[in-house]
Amino acid sequence: MKRSRKTLQPGRQRKLLSLLSLPVFAFLVVPTLIVVPVALNNSRYITFPPGGVSLAAVQGFFADQAWTSALSASMQAAGIAVVLGTVFGASAALGLHGRKFPGQQAVVGLVLAPMIVPTVVLALAFYQFFISVGLVGSIIPIGLAHAVIATPYVYLTTRASLAGLNPALVRSAQSLGAGMLSVFRHVHLPVILPGLISGALFAFSVSIDETVMALFMQSPGATTLPVKMFTDIQFNLTPKIAVSSALLVTVATIGLLIQVVYVLKRRSTARMMPLAV
Amino acid sequence: MATATLERSRPRAGGPSGSAWPRRRRRGGWLLLLAPIVAFDVLFFLTPLGKLVASSFTGGAYARVLADPLVTRSLVNTLTIALTSTVVTVVLGYVIALVLWRSGTVMRVILFAVVLLPFWTGILVKNFAWAVLLQDNGLVNDFLQNIGLTDAPIGLLHNRFAVIVGMVHCLLPYAVFPIFSSLTAIDGRLALAARSLGAGEVSVFRRITLPLSTPGISAAGLLVFIISTGFFITPVVMGGPGDMMIANEIDYYARQLTDFSGAAALAVILTVLVSVIAAVYQRVLKAGGHHETL
Amino acid sequence: MTTSVIAPATHQPSTTAARKGAIDLRQVRKTYGDVVAVDQLDLSIQPGEFVTLLGPSGSGKTTTMMMVAGFEEHTSGSVMIDGVPVDSLPPRERNLGVVFQNYALFPHMSARENVEFALRMRKVPKAESRRRADDALDRVGLSGLGGRKPRQLSGGQQQRVALARALVFNPAALLLDEPMAALDKRLREHMQEEIKTLQKSLGISVLFVTHDQDEAMAMSDRIVVMKDGRIVQSGPPEEVYNHPVTDWVASFLGDTNLIPATVISRDGEEAVVDLAGLGTGRVRDRGAQGERYAVSIRPEHLKFRAGPDGENGGAGELTSSTNLGATIRHRITVGGHSLQLRELSSDAGASGHAVGSAVHVGWDADKAQLLVLEG
């Protein structure tokens, strides 16, 4: 008695729609797809399609101290953002799960608020704030700022995976004499793990791509990859920018693939984007 | 403090291990989970924002920035660029959402990945790629010359067209998801009913699908518009000097002029402007009651 | 008013006028990959007939209806409406009124706009379509409610809008897919009568899909029982109920006593059977062939008897009596079988047996049916 949607849609309009949408899908992916071939171009200039394949630009990128230190700065900021964001986001989701208390809505609002404030406003606020407390000239303020905007993502993905947790399970585990830590380890952790991983990926991705805050708080020792790209791109489109882009696209693709595998396992597309929650 | 509480309530070996103690310990324990996040957000989110708002009210900052013709210009730019990108994004996003909605399970996941790839990719990477494509000797210009549309490269980069292309590319995923979820909320039998009553595919779309997905369209429009008003990177990388938006002005005040209170005033103006537009928009939608068709 | 709803249809050639409103399925088959949803189905609905497809979920009844409506394409065979093959016609050209489960009213349109929809699709001028829509709403008792949105209407009112919407364009026939599933019991019974009355007054053919045997009994001219994509039995409600061909049909259509039987002799009308533990009996026979047989006796056809009577009955013990209000359900152990006997509460005083007492029960030969034991 399954009514498959396919048989219910007449074919002609379907084909027309697919045909019409093809340029739109191309518009979405083509720019991202050209980045890697551009980075492997053998020319000294940026061209597409590339003339031939060469790793010269990649070698050049890793030989350039300015770029490698930018890469390392990015990784450090992302490390801070992932650790803090995951701990805070997940503990917020656990602390708010299945509980009702006065002021709960305010706490949820506070947790989610960093998502909706324009980054440039946050960047300015952080810039002022960290100068006033004397915490500038290192990667730490950038990592903290990234943690602030990454936390809501972890909160949302963890909350989504907690939605499948039966509160009776927690109570029954407690009634069986399990302490708080062992309830967490045996009941909560297996349930939230996918959300936690997904949230950590988002946190990493948010941090590694964030430009505006990192730009405002940059210093000679704390210039992230996107900031370096942003500065260089205003003068010229260089192969090293292409290599850096290719690196970031690779990271994005890995993150995306992990999610796709996860979604195919779960048969649900709802969790591919926390913003859709 | 947290550890002290836990120490005190932990039932000691040999002591009276009543059931009341561990229960209270658990309840308190769960609330303790919220303390770090609240403290963190108060310290590193609310405090900086509060300081920003406070500093915007010093030294006549509002009068100063509003008298600056560059600010007025960037405000106008922000509104026109944001509005244009929103319209284009919602239209293209609708097409994508429609295709997603009509795809089978496997195809749907693949197309979702296609939509999410730009979402996962950083804005600089995307803008860089567009710069490569749109530059004078880029793919698009080569193509236009090859098919004989032009003889010489036309300036596709560093103008408003490029800014909108770059922004729409970034914004599309945000439009697709609200529209897609409003489409999936439509009862599939409505289309069957319409067809049994004599409607062709075009009529089904125009009279059933489109009006019933308006909540998604308006949600997408609002979300995309709000995000688009804060763009900073794209106007710099892809626009010309005349395409600077309010975010660029904030940057200019803060880092070039080191006028923090001016920059803060601009940030407050941007936030207030967006909030007011969002509120008016929702009011208008409610008053219009977007289910009045046929 | 009536005539505007059932104005003479102009869409079919006069040569087929005799079959106007007929639906015929010839060897219709539907497969999804390896799964056979509907298997070689033959079914004819005569003009003006009310035919119910009755079966559990997965029996293929909804798929069958969807193929008639044109929403599902059949794998092989042929569907005819008004005596004309419609296999290549899209739903909108089949001219059938469909009422869906949960009605599928357009939520963004008023009741009147819902009803007008088909007329607007047929390019009927605005003034006329409005008049006809209001007439159709009057007809289903919704005068003055045309301006309301579906969510402002009760379940029963929504169903009436759905009916008016399906009838307003003078369809060749009406297809109803579990239209009463969302209503509570009392309203459901009321709507059953109302739909039946409307159908009779319009003289329209109806193909009705349900899994509710009471609804099928109450409304149909003919019940077509389906199971696993095939028709198991087809006939008037009383016949299908009283003379099921298999134990599955007997059980699906209500409570019954099934007693394993060995056929001693049969002539196609009547059979003499040996009922293990209950001696021999004389029962109705419809000639169904199978490996194992049983006799079905509905609880209301089993009666208390004053004393022993050789054939069609036996002596046993009353093990329980449950008062169900209008009826009383007794359980009696006879010859190793636990049988159910149902009598009207008003008749109970006369027999007045106490639980635990010895009783005699029996049945009329024409109320017991020989059937095939499946599985």
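FYI, it's all coordinate maths here, none of it is from the lab. Being a predicted model, the structure only gives us computed values, none of them experimental. Cβ sites come from the backbone with ideal geometry, for glycine too, and all protein chains shown count toward neighbours.
A Förster radius of 45 Å, combined with the Cβ-Cβ distance separating A:Lys100 from C:Ser57, puts the computed FRET efficiency at roughly 0.70. A simple spin-label model places pseudo-atoms 7 Å from Cα toward Cβ; at C:Thr262 and B:Lys286 they are separated by 8.1 nm.
Taking other C-beta atoms within 10 angstrom as a stand-in for reagent exposure, B:Ser275, B:Ser55, C:Ser205 fall in the order B:Ser275, B:Ser55, C:Ser205, fewest first.
Once the C-beta distance of B:Arg255 and B:Ile110 is scaled by a Förster radius of 30 Å, the resulting FRET efficiency is 0.10 to the nearest 0.05. This ranking places C:Lys61, C:Lys20 by how few other beta-carbon atoms lie within 10 Å of each, fewest first, which gives C:Lys20, C:Lys61. The phi torsions of region C:301-308, fed into the Karplus equation with coefficients 6.51, -1.76 and 1.60 and a -60° offset, translate into couplings of 9, 8, 10, 6, 10, 5, x, x Hz, rounded to whole numbers, with Gly and Pro shown as x.
Quick check: from the Cα gyration tensor, does the protein assembly as shown come out rounded (a/c under 1.5), prolate or oblate? Prolate shape, in that a/c is at least 1.5 and a/b is the bigger ratio.
Pick from C:Gly83, C:Gly55, C:Gly21: which residue has the top mean-square fluctuation in a GNM of chain C where Cα pairs under 10 Å get a spring? Taking springs between Cα atoms under 10 Å, the residue moving most is C:Gly83. Under 1.5 on a/c is rounded, so check that first for chain A, then, if it is not, pick prolate when a/b is larger than b/c and oblate when it is not; a ≥ b ≥ c are the square roots of the alpha carbon gyration tensor eigenvalues. In terms of gyration-tensor shape, oblate. If I require 20 Å or longer along the helix axis, counting alpha carbons, and a Kyte-Doolittle average no lower than 0.5, what helices from chain A are left? Use full DSSP H segments. Helix filter hits for chain A: A:11-39, A:65-96, A:140-162, A:189-209, A:239-266. The Cβ shell under 11 Å around C:Asp82 holds other residues with a net charge of +2, Lys and Arg each +1, Asp and Glu each -1.
If the elastic network links every pair of Cα atoms under 10 Å, which of B:Arg283, B:Arg73, B:Arg189 fluctuates the most in the Gaussian network model of chain B? Highest fluctuation among the options: B:Arg189.
Taking label positions 7 Å along the Cα-Cβ direction at both C:Asp274 and A:Ile254, the computed distance is 8.0 nm, reported to one decimal. Annotation: peptides C:241-247, C:179-185, ranked by per-residue average of other Cβ atoms within 10 Å with the highest first, follow the order C:241-247, C:179-185. Peptide A:107-116 has a mean shielding of 3, counted as Cβ atoms of other protein chains within 10 Å of each residue's Cβ.
Taking every residue in A:126-132, how many Cβ atoms of other protein chains lie within 10 Å of its Cβ, on average? Walk me through the intermediate numbers first.
On the way: counts 5, 7, 12, 9, 2, 1, 5.
Neighbouring Cβ atoms belonging to other protein chains average 6 per residue here.
Mind checking A:22-28 for the average number of partner chain beta-carbons within 10 Å of each residue's beta-carbon? Provide the component values of the computation, followed by the final result.
On the way: counts 1, 2, 8, 7, 1, 7, 14.
Mean partner-chain Cβ count within 10 Å for A:22-28: 6.
Using the Cβ-Cβ distance between A:Ala66 and B:Leu70 with R0 = 25 Å, the FRET efficiency computed as 1/(1 + (r/R0)^6) comes to roughly 0.20. In nm, give the distance between the simple-model label positions of C:Val36 and A:Ala168, each being 7 Å from the Cα along the Cα-to-Cβ direction. With each label placed 7 Å out from Cα toward Cβ, I get 4.2 nm. Classify chain B: rounded, prolate or oblate, from the alpha-carbon gyration tensor (a ≥ b ≥ c, eigenvalue square roots; a/c under 1.5 rounded; otherwise prolate if a/b is larger than b/c)? Because a/c hits 1.5 or more and a/b fails to exceed b/c, chain B counts as oblate.
Entry note, the protein assembly as shown: the mean residue ellipticity at 222 nm calculated from DSSP H runs of n ≥ 4, each adding -39500 (n - 2.57), is -16500 deg cm²/dmol after division by the residues and rounding to the nearest 500.
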